[in-house]
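Working notes for the structure below.
Bear in mind these aren't lab numbers, they're just calculated from the coordinates by the rules spelled out. Source: prediction; values computed, not measured. Quick reminder, even Gly has a Cβ in these numbers, built from the backbone with ideal geometry, and neighbours come from all protein chains shown.
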Amino acid sequence: MNALASDELIALIERKLAEHGVSKVIPADKVLAEAYRRMHRQAVIQAEIDKLVGDLNADEIGVPTGLRQCIEKAIAADPTQSWDELLRGIVDERAEEREP
């Protein structure tokens, strides 16, 4: 098998599966219905996210003064933290401050 190229190996596997009557599995109707509902919800949520992101103008989002220094100070205090985790924390804090 190691001597076969990838496409040859795939063809061999597919041939052997067909010889043994193996075919694609389609789940039961109940499972299909649950999967459809889940995927539908995901599609609706993603459409809303896309709309919200489209409405945000990146130029209007103010970046805090001293952002780099804030992250450098936090990493110096605890080097196990990653810069993006710290940045997320700063974004979350500012979002909470804006909430009524």
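How big is the Kirkwood radius of region 5-45, worked out from every pair of different alpha carbons and given in Å to one decimal? Each step should come with its number before you reach the end.
Details: mean 1/r = 0.0773 Å⁻¹.
Value: 12.9 Å, from the Cα pair sum.
If you stretched the chain out fully between Lys24 and Leu56, how much longer would it get, using 0.36 nm times the residue separation minus the C-alpha to C-alpha distance?
Using 0.36 nm per residue and subtracting the Cα-Cα distance, I get 7.2 nm.
Below 13 angstrom from the Cβ of Arg88, what's the summed charge of the other residues (Lys, Arg +1; Asp, Glu -1)?
Charge balance in the 13 Å sphere: -4.
Through the Karplus equation 6.51 cos²θ - 1.76 cosθ + 1.60, θ set to phi - 60°, convert the phi angles of region 2-12 into ³J(HN,Hα) values in whole Hz; use x for Gly and Pro.
Values per residue, Gly and Pro as x: 5, 7, 7, 6, 3, 5, 5, 5, 4, 4, 4 Hz.
Which net charge results for the neighbourhood of Lys30, defined as the other residues with beta-carbon distances under 15 angstrom from its beta-carbon, given Lys and Arg at +1 and Asp and Glu at -1?
Taking every other residue near Lys30 into account, the sum is 0.
For P(r) over Cα pairs in 10 Å bins from 0, in percent, one of (i) 11, 18, 17, 17, 18, 16, 2; (ii) 11, 25, 19, 16, 11, 9, 5, 2, 0; (iii) 15, 52, 27, 5, 1, 0 was computed from the structure I shared and the rest are decoys. Which label?
Answer by label: (i).
Calculate one ³J(HN,Hα) per residue across region 57-71 by plugging θ = phi - 60° into the Karplus curve 6.51 cos²θ - 1.76 cosθ + 1.60, and present them in order as whole Hz with x for glycine and proline.
The phi angles translate into 9, 4, 5, 8, 8, x, 9, x, 5, x, 4, 4, 4, 4, 5 Hz.
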